[in-house]
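Below you'll find the structure, written out as structure tokens, and then a few comments.
Taken together, the values in this text are just the output of simple stated rules run on the coordinates, not laboratory data. Quantities reported herein were computed from a predicted structural model and do not represent experimental measurements. Note: ideal-geometry Cβ built from the backbone for every residue, glycine included; neighbour counts use all protein chains shown.
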Amino acid sequence: MYNAEVVLPLSKKQTVTIALFGNPNCGKSTVFNQLTGLRQQVGNFPGVTVDKKVGHLKLDNGSKVRLIDFPGTYSLYPTSQDEQVVLNILTNKENTHYPDLAVYVANVTNLEKHLLLFTQIRDLGIPILLVLNMADMAKKENIWYDTKALSKAFDVPVVAVSARDGDNFPQLKKELIQLIEDTPNTPDLFYQFSKAEQELAQDIQAKLSIANPYQALLIAQNSGRLPFLNPEERSLINDFIVGKGVNRLSLQVREVMQRYDRFTPMLKKAIKRPDGVGPTLTDKIDAVVTHRVWGPIIFFSLMLLVFQAIYSWSGYPMDLIDAGFAGLGDWVKGTLPEGWFRDLLTDGIIAGLGGILIFIPQIAILFLLISLLEEVGYMARAVFMFDNLMQKVGLNGRSIVALVSGAACAIPAVMSTRTISNWKERLISIMVTPFISCSARIPVYTVLIGFVVPVTATWGIFNAQGLAFMGLYLLGIVAALISAYILKQLLHSEERSFLMLEMPEYRMPVLKNVLLNVWEKVKTFTIEAGRIILLVSIVLWVLASYGPSNQMELAETRAVAIAQQKNLTELQTEDLIAANKIEASYAGHLGKFIEPAIRPLGFDWKIGIALITSFAAREVFVGTMATIYSIGSVEDEGSVRDRMAREKDPITGKPIYTFATSLSLLIFYVFAMMCMSTLAVVKRETNSWKWPIIQFLFMTGLAYLGSLLVYQIFK
Amino acid sequence: MAYTLNHLQLGERGTIATFSDEQAGCKLMTMGILPGSEVKIVRKSPLGGAIYLKMDHQQFAIRNKEAECIMLK
């Protein structure tokens, strides 16, 4: 029908690029993990935040393979960002990800639903291996299939495997070698073009010098959203389409129908399943798990478990990491000679690294649980149950996981939104999750709440402080939902939102998939978000440890003089020096500089310093307060609160932490984006600085207004 | 009389004739929900808005809005 380009035989290529395709739920990632194991890297496809997994393997004939795992999709007609990626690459031979070979994974227990995309990729002229996955399930369900007949029918090699236990993978690799060594002839097109399509394809092939007619047809169909076309090419293609008098959508429908009509009868001879089976295990489980009453109860119990796990189980490893880094810092302090280098190492770098690694237990635990739920097939059910509710505020059923996890820590929560395929819903989830009060806010709330609600106060049978705590949490949730609703109105999206979700059969999770996913999330966070966190913590350290000209030295001398005069102990002297130094530092100057701006909120420059330093992490607020009030060596929440209670305004002589100021500060901490680590993760997950900056301004702006309002009312 | 999928009662079956919305229809077709397929409504979502379908050996969740564009025979 057409001539394939003359190219180098694949066996001579240094690296052969093989792409893995398949529908969602075909077991593609299991095949990928079986083939590559730990030799895989995860990144983003260019320009978007869609996971790109690349693995490496060497075949027995010596060929080096770069295996790319493409997002699961049903066809080459995209309705989401993940699916668009597949189309972008397959319609552009110049793309660095364009494969030499394709491996198509299909679920053999449901083969008739898995072949549409297969026949599309086959028509692109990419040599393709059809892998029938879940052979073990087929055996259990007494499904009979004939790989030879399938191979003959589609004119491609076919191999049946069970990716779960690695069954028949040697054969799969042999077939790959075969494909590499004798590049097969391009088979005839599976799809039969209409006359108009033929002419359209020919015009585009000639104009854009494209060898494959189906590729040309796909370009015609999708020209508006293919990034590699320039405006002239786009308008040219539009003219062609208008000239031929065809309608894009109708062409699509015709193509899809014809493909099904062609391969469905072909399958009748090659695959047979026993008919008339009763309700399956999946049916029985879903009768309970998606039940009107039991469904939500089960879901919220699971979410409670997730919350409990990140909130409490991660405590032990986190304490260990904390103590380990503190110990390391002390050891370095004791070993190295005094000086700026030692301080940079201990207070800047080691503290910064500790601040990164401290999140790993939470990330690991959350992704262990989420991957398990995802692998088993449960997440699709959660989406089904809560789609309606979440849609109203522009979110997705999967966003609930992010919001619940956000109560422990926003970082793993933001990372968990990657499974939401609609970009707008995902972006909104990322933007609002940090409003949910995370565990780092608790120490701040604990210190401040006593100034707002007395410990002994009760409200009915409830402890008033407990209620106030709950109120702060609710405030965060309300802020998240309202902002989500506002963002839903503001953000425009080309993507039409669909639910249309396949509910996979329940399966035992593949442990290897779960562990690889956890490993990959931890690695990504540590490397990509970690370097931003480290950088910012060094900057914050510089701000707190250095001051303009010789002010730091003067502050120290002054403090020592006062200490001698007042006969202070060594510990008290150190605390006083620290307090004087932080006042003289750049952070202190910055605190004083912003004082006019935060005065209307009831804050003085000392609180200003704490606001700046707690950008490293909210709980740093307590430590900074301790340093400023020269009780740095004590630093527990109780003594910090006691000391704050005694703090008086130098001019009026009234207490600083009045009801109004404390409430205003609480409100500020509920809303403000005071966490560089979250911003670093948002940058990584949205692939731009735009969204974390907007998030920072929006949240901090809201915090400012909220605090202003509260202080002006209650002062 | 032409009626749509969302008119089916729980547990009822129907055969798809065509789709009234081409874009949604095309997406459904790519997932294997085709004219001629027999579908059964298994249940509704706890908070409404979506339905749980069973078709051949597969199960799907779709929104009521999407069900409205599935015309039955």
> In sequence order, what are the phi-derived ³J(HN,Hα) couplings for the range A:345-360 according to the Karplus relation 6.51 cos²θ - 1.76 cosθ + 1.60 with θ = phi - 60°, rounded to whole Hz, with x for glycine and proline?
Replying inline: 5, 7, 7, x, 6, 5, 5, x, 4, x, x, 7, 5, 4, 7, 4
>> Could you work out the percent of alpha carbon pairs in the range B:3-72 separated by over 17 Å, rounded to a whole number?
In response: 30
> With chain B treated as a Gaussian network of Cα nodes joined by springs under 10 Å, which of B:K40, B:K27, B:K54 yields the largest mean-square fluctuation?
Replying inline: B:K27
> On average, how much area does the Cα convex hull of the range A:10-181 cover when viewed from any direction, in nm²?
Replying inline: 9.5
> Got a sec? How would A:T280, A:T79, A:T15 order by Cβ neighbour count within 10 Å, fewest to most?
Replying inline: A:T15, A:T280, A:T79
>> Kirkwood Rh over alpha-carbon pairs of the protein assembly as shown, then Stokes-Einstein at 10 °C and 1.306 mPa s: what D in µm² s⁻¹, rounded to an integer?
In response: 54
>> Could you tell me the relative contact order of chain A? Use alpha-carbon pairs under 8 Å, at least six residues apart, and round to a whole percent.
In response: 11
> Which of B:K44/B:K73; A:K140/B:K40; A:K272/B:K27; A:K58/A:K93; A:K174/A:K195 have a Cα-Cα distance over 32 Å?
Replying inline: A:K174/A:K195
>> Taking the beta-carbon count within 10 Å as an exposure proxy, list A:I210, A:I356 from fewest neighbours to most.
In response: A:I210, A:I356
> Which number do you get for Rg(Cα) / (2.2 N^0.38 Å) in the range A:195-246?
Replying inline: 0.98
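Hey, could you grab the Kirkwood Rh for the range A:92-150? Inverse mean 1/r over distinct alpha carbon pairs, Å, one decimal. Show your work: numbers first, answer last.
Working: mean 1/r = 0.0781 Å⁻¹.
Mean inverse Cα-Cα distance, inverted, gives 12.8 Å.
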> Placing +1 at every Lys and Arg Cβ and -1 at every Asp and Glu Cβ, with all other atoms neutral, what dipole size does the range A:235-324 have around its Cα centre, in debye to the nearest 20?
Replying inline: 860
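May I ask for the net charge around A:I594, where only other residues with Cβ less than 15 Å from the Cβ of A:I594 are counted and Lys, Arg are +1 while Asp, Glu are -1? Mind showing how you got there, number by number?
On the way: positive: A:K592, A:R599, A:K606; negative: A:E583, A:E595, A:D604.
Around A:I594, the surrounding residues sum to 0.
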> Where in the range A:352-443 are there chymotrypsin sites (Phe, Trp or Tyr not before Pro) that are in a DSSP coil and have at most 10 other Cβ atoms within 10 angstrom of their Cβ?
Replying inline: none
> How many angstrom lie between the C-alpha centres of the range A:528-568 and the range A:59-104?
Replying inline: 53
>> Counting only other chains, and only Cβ atoms inside 10 Å, what mean value do you get across the residues of B:39-45?
In response: 4
>> Can you list residues from other chains, or at least 5 along the same chain, whose modelled amide H is less than 5 Å from the amide H of A:A163?
In response: A:M134, A:A135
> What is the mean number of Cβ atoms from other protein chains located within 10 Å of the Cβ atom of each residue in peptide A:100-112, rounded to a whole number?
Replying inline: 1
> Under unit Cβ charges (Lys, Arg +1; Asp, Glu -1), what dipole magnitude, rounded to 20 debye, does the range A:4-138 have relative to its Cα centre?
Replying inline: 420
> So for chain A: antiparallel DSSP bridges make up what percent, rounded to the nearest 5?
Replying inline: 45
>> Which residue, A:Q84, A:H97, A:T109, has the largest displacement toward the positive end of the dipole of the range A:10-181 when charges sit on each Cβ (Lys, Arg +1; Asp, Glu -1)?
In response: A:H97
> Over 18 Å between Cα atoms, which of A:K53/A:K521; A:K333/A:K606; A:K152/A:K269 qualify?
Replying inline: A:K333/A:K606
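Kindly put A:F525, A:F228 in sequence by how many other C-beta atoms sit within 10 Å of each C-beta, fewest to most. Show your work: numbers first, answer last.
Values: A:F525 25, A:F228 12.
Going from sparsest to densest Cβ surroundings: A:F228, A:F525.
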> With charges set only on the Cβ (+1 for Lys and Arg, -1 for Asp and Glu), what does the dipole of the range A:515-633 come to about its Cα centre, in debye to the nearest 20?
Replying inline: 260
>> Starting from a Cα-only point model with no solvent, please compute log10 I(q)/I(0) by Debye for the range A:531-714 at q = 0.09 1/Å.
In response: -0.35
>> Please compute, for peptide A:387-394, the average count of beta-carbon atoms on other protein chains lying within 10 Å of each residue's beta-carbon.
In response: 4
